[in-house]
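Novice: Here you go, one structure.
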Amino acid sequence: MKNLFPIIFLLVFFGFHIGIYFFFIKQIVKTRIPLKILKYFLVFNFFGVVLYFSGRYFVDLPQSVYFLVSLSIGVGFVLFVVMLLYQTLSLILRFIGILFPKFSQERRGFLQNSLNIASGIFALGYLGFGLVEGRLSPVVERVRILLNGFRGKMTAVQISDLHIGGLIEENVVGEIVAQVNALKPDFIVLTGDIVDTEISKVPEAINALTRLEAPLGVYFILGNHEYFHSISPLLNALKSKGIVVLENDCVLLQKGEARLNLAGVYDIFGRRINALEPNLEEALQKRIPHFPLILLAHQPKFALEIKEEHNVDLILSGHTHGGQIFPFSFLVRLEQPYLKGLYQHGPKTQIYVNRGTGFWGPPMRILARAEITYFEFVST
């Protein structure tokens, strides 16, 4: 399974690059030498995608090389989106020519040339915007949640999809930890895809992560990317540092008169490998009745397994990255029922989807800035 994901991804991006050349580059560039240069650029860009996966899962690459090849994924995706937009607008121009025969060939040619130039400028701006937003520090989203049967007040911080490894190293983790600790939450939850490499490769980053501080504890659940690596060493390391790993389990948190159940399940990816599978019934065995229940589940679509009799008040998820690079969000919505922010899932259950605190692939985000979520839980 670890090897299957990169293969599928590479096949998709190979198709992207073929489409970009024949349906975008070759149609807007008519001069032989620039066309040849751009063709070789696409070849090298796809080779960068291959190197990215080699460095992510199989071999160690210097940080500078890893940064450059990670950009290849962003370049490929952005150019593919621009190609789709270009083809759509070109089709509209052709329809104009059919519907309005008197619209001169010269005018249509001018509009087509303008579209060619604008598409190139737009592609560069699109990439630049993504790089700028991707390098911004996570914004703190403050969310107030009303919980039925809750008394008093309690606060929490959620970090999700940090993807330690690759470009997310000790310095980045340290900055995020400082941001979180400055909020002084009562407890902290890490909702999966926190570590995306072998733990032996990032000991300093793990040490920085374990400097998270909260009086009621720090709680972790697995995301799908943790399954791509050695899970046991990671879980053992986190536990040894005082981070509580919720493995289909539930704990009671108490601060004065404020009490709530905090449960966590394995990620649904475990069902693909028949190991570490989520089990909601098992996770709720230790719940204390009459107190609200917050459930940590990495993927938002786990909410579809929640029934009214489970009495789940709030689900905290991640996984989607909020789409990370618009309009990838539309594809995410095909697989996940919720994308980002707070939703009412059922009569009793709410779900909050964190946009991700780090990034996966290129250090880029477009209309989906990284976030740290600060929750204030209050009584109704």
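Novice: Look through segment 250-292, keep the residues that are among the charged types (D, E, K, R) and closer than 20 Å to Ala214 by Cα, and return whichever of them is surrounded by the most Cβ atoms within 10 Å (Cβ to Cβ).
Specialist: Of all residues in segment 250-292, those among the charged types (D, E, K, R) come to 255, 257, 259, 267, 271-272, 277, 281-282, 286-287.
Checking which are closer than 20 Å to Ala214 by Cα leaves us with 255, 257, 259.
On the way: Lys255: 16, Glu257: 10, Arg259: 18.
The selected residue is Arg259.
Here is a yes/no grid of residues against (1) within 24 Å of Ile325 (Cβ to Cβ); (2) small (Gly, Ala, Ser); (3) at pLDDT 80 or above:
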position	(1), (2), (3)
Val50	yes, no, yes
Phe67	yes, no, yes
Phe77	yes, no, yes
Phe103	no, no, no
Gly109	no, yes, no
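Novice: Kindly indicate which of Gly55, Gly19 is small (Gly, Ala, Ser), out of contact with any Lys or Arg (no Cβ under 6 Å at 6 or more places or on another chain) and either in the same structural domain as Arg271 (by TED's automatic domain parsing) or at pLDDT below 85 (or both). First the steps, then the outcome.
Specialist: On the way: Gly19 fails: either in the same structural domain as Arg271 (by TED's automatic domain parsing) or at pLDDT below 85 (or both).
Exactly one of Gly55, Gly19 is small (Gly, Ala, Ser), out of contact with any Lys or Arg (no Cβ under 6 Å at 6 or more places or on another chain) and either in the same structural domain as Arg271 (by TED's automatic domain parsing) or at pLDDT below 85 (or both), namely Gly55.
Novice: Ok, one more. Only one of these conditions is not met by Phe375: (1) under 23 Å from Val180 (Cα atoms); (2) of a type in the set (A, V, I, L, M, F, W, C); (3) in contact with a Cys (Cβ under 7 Å, 6 or more places away or on another chain). Which number is it?
Specialist: (3) is the only condition that Phe375 fails.
Novice: Hey, could you check segment 364-380 for residues that are outside any strand (DSSP E or B) and more than 17 Å from Val353 (Cβ to Cβ) and say which is modelled with the highest pLDDT?
Specialist: We begin by selecting, within segment 364-380, every residue outside any strand (DSSP E or B); these are 364-365, 367-370, 380.
Checking which are more than 17 Å from Val353 (Cβ to Cβ) leaves us with 364, 380.
Details: Met364: 90, Thr380: 75.
Looking at the filtered set, the residue picked out is Met364.
Novice: Out of all the residues in segment 119-135, is one or more touching a helix residue (DSSP H, G or I) at 6+ places or on another chain (Cβ under 6 Å), touching a residue at least 40 places away in the same chain (Cβ under 8 Å) and in the same structural domain as Phe291 (by TED's automatic domain parsing)?
Specialist: no
Novice: Return the residues of segment 320-346 that are of a type in the set (A, V, I, L, M, F, W, C) and either under 22 Å from Tyr126 (Cα atoms) or outside any strand (DSSP E or B) (or both); say none if nothing qualifies.
Specialist: Here is the first cut: in segment 320-346, the residues of a type in the set (A, V, I, L, M, F, W, C) are 325-326, 328, 330-332, 334, 339, 342.
Within segment 320-346, Ile325, Phe326, Phe328, Phe330, Leu331, Val332, Leu334, Leu339 qualify.
Novice: Among the residues of segment 292-311, what is the count of those that are at pLDDT 95 or above and part of a loop (DSSP other than H, G, I, E, B)?
Specialist: 4
Novice: I've got another one for you. Would you call Asn248 assigned by TED's automatic domain parsing to the domain that holds Glu204, farther than 22 Å from Pro185 by Cβ and in contact (Cβ under 8 Å) with a residue 12 or more places away in the chain?
Specialist: Values: assigned by TED's automatic domain parsing to the domain that holds Glu204: yes; farther than 22 Å from Pro185 by Cβ: yes; in contact (Cβ under 8 Å) with a residue 12 or more places away in the chain: yes.
For Asn248, the condition - assigned by TED's automatic domain parsing to the domain that holds Glu204, farther than 22 Å from Pro185 by Cβ and in contact (Cβ under 8 Å) with a residue 12 or more places away in the chain - is met.
Novice: Counting just the residues of segment 143-165 that are under 21 Å from Phe220 (Cα atoms) and small (Gly, Ala, Ser), which one comes out modelled with the lowest pLDDT?
Specialist: Restricting to residues being under 21 Å from Phe220 (Cα atoms) and small (Gly, Ala, Ser), the top hit is Gly165.
Novice: So, in segment 129-150, exactly how many residues are farther than 22 Å from Leu296 by Cβ and of a type in the set (D, E, K, R)? Working first, answer last.
Specialist: Just the residues of segment 129-150 that are farther than 22 Å from Leu296 by Cβ, to begin with: 129-137.
From what is left, the residues that are of a type in the set (D, E, K, R) are 133, 135.
The qualifying residues number 2.
Novice: Additional query: Of all residues in segment 1-40, which are of a type in the set (Phe, Trp, Tyr) and surrounded by 12 or more Cβ atoms within 10 Å (Cβ to Cβ)? Spell out how you get there, then give the answer.
Specialist: Start the filter on segment 1-40 by keeping residues that are of a type in the set (Phe, Trp, Tyr), which leaves 5, 9, 13-14, 16, 21-24, 40.
Selection gives Phe5, Phe9, Phe13, Phe14, Phe16, Tyr21, Phe23, Phe24.
Novice: Which residue out of Val172, Val218, Val177, Val195 is at pLDDT 95 or above and either touching a Gly at 6+ places or on another chain (Cβ under 8 Å) or of a type in the set (Ser, Thr, Tyr) (or both)? Spell out how you get there, then give the answer.
Specialist: Numbers: Val172 fails: at pLDDT 95 or above; Val177 fails: either touching a Gly at 6+ places or on another chain (Cβ under 8 Å) or of a type in the set (Ser, Thr, Tyr) (or both); Val195 fails: at pLDDT 95 or above.
That would be Val218, the only listed residue that is at pLDDT 95 or above and either touching a Gly at 6+ places or on another chain (Cβ under 8 Å) or of a type in the set (Ser, Thr, Tyr) (or both).
Novice: May I pose another question? If you scan segment 10-59, which residues turn out to be farther than 12 Å from Gly76 by Cα, in contact with a Phe, Trp or Tyr (Cβ under 9 Å, 6 or more places away or on another chain) and not aliphatic (A, V, I, L, M)?
Specialist: Listed by number, the residues that qualify are Phe23, Phe24, Gln27, Lys39, Tyr52, Phe53, Gly55, Arg56, Tyr57.
Novice: Give segment 252-290 a look and list any residue that's without any contact (Cβ under 8 Å) to a residue 40 or more places away in the chain, closer than 15 Å to Phe187 by Cβ and more than 27 Å from the chain's Cα centre (by Cα), or say none.
Specialist: Of everything in segment 252-290, those that are without any contact (Cβ under 8 Å) to a residue 40 or more places away in the chain, closer than 15 Å to Phe187 by Cβ and more than 27 Å from the chain's Cα centre (by Cα) turn out to be Leu252, Gln254.
The values are calculated or read from the model by the stated rules, or taken from the named source; none is laboratory data. Small disclaimer: the values here were computed from a predicted structure and weren't measured. Cβ atoms come from the backbone with ideal geometry, glycine included; neighbour counts cover every protein chain shown.
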